[in-house]
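Single-structure report; data block below.
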Amino acid sequence: MLIKAETKFVHQSPQKLRVVADAVRGRSPQEATIFLKHLPHRGAKVILKVLKQAIANAVNNHNLNRDGLTFSSLQVNQGPTYKRSRAAARGRGHAIQKKTSHIKIILEAKDDQSTKSQARKTNKTNKNGSKS
């Protein structure tokens, strides 16, 4: 089962966020939350917020145990770039690009995790009244 969480239009460049994302890949989500809390990068707070959202989606919406989750993918994509200008000498203006990012985290759960969904599958009946 795949659990998704994403945030868009984060006011930080994808290049800076990918440094944090690369440091988190290969860890469990529980270990990644501890790691991100102590990481001194500004992007760590943003990725931590999305990771907590993904874990909460798994626990609350799908009734999964947070210990059995693993990263399926962690993507940092480029969002739209805002163009601004900065005053320069001799009445000119220099262009500034304010880059944004989209962060998408997909967690994967083991198949034997969901107790509630398995109970629903066993109690389903066919149209003619026999259990499937």
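The values are calculated or read from the model by the stated rules, or taken from the named source; none is laboratory data. Only a predicted model underlies this, so the values are computations on that prediction, with no experimental measurement involved. A quick note on method: Cβ atoms are made from the backbone with ideal geometry, for glycine too, and the neighbour counts reach across all protein chains shown.
Being modelled with pLDDT of 95 or more, surrounded by 12 or more Cβ atoms within 10 Å (Cβ to Cβ) and among the polar types (S, T, N, Q) is the requirement here; does GLN97 meet it? Answer is no for this residue.
Do you know which residues across region 26-39 are of a type outside the set (Gly, Ala, Ser), free of Cβ contacts under 8 Å to residues at least 60 places away in the same chain and surrounded by 19 or more Cβ atoms within 10 Å (Cβ to Cβ)?
LEU36
Only a single criterion out of (1) out of contact with any Phe, Trp or Tyr (no Cβ under 8 Å at 6 or more places or on another chain); (2) surrounded by fewer than 18 Cβ atoms within 10 Å (Cβ to Cβ); (3) aliphatic (A, V, I, L, M) is not satisfied by ALA23, namely (1). Looking across region 40-70, the residues that are buried (at least 16 other Cβ atoms within 10 Å of the Cβ) and either free of Cβ contacts under 8 Å to residues at least 12 places away in the same chain or hydrophobic (A, V, I, L, M, F, W, C) (or both) come down to ALA44, VAL46, ILE47, LEU48, VAL50, LEU51, ALA54, ILE55, ALA58, LEU64, LEU69.
In region 1-20, the qualifying residues are those that are buried (at least 19 other Cβ atoms within 10 Å of the Cβ) and closer than 16 Å to GLU108 by Cα, and the one that is farthest from the chain's Cα centre (by Cα) is ILE3.
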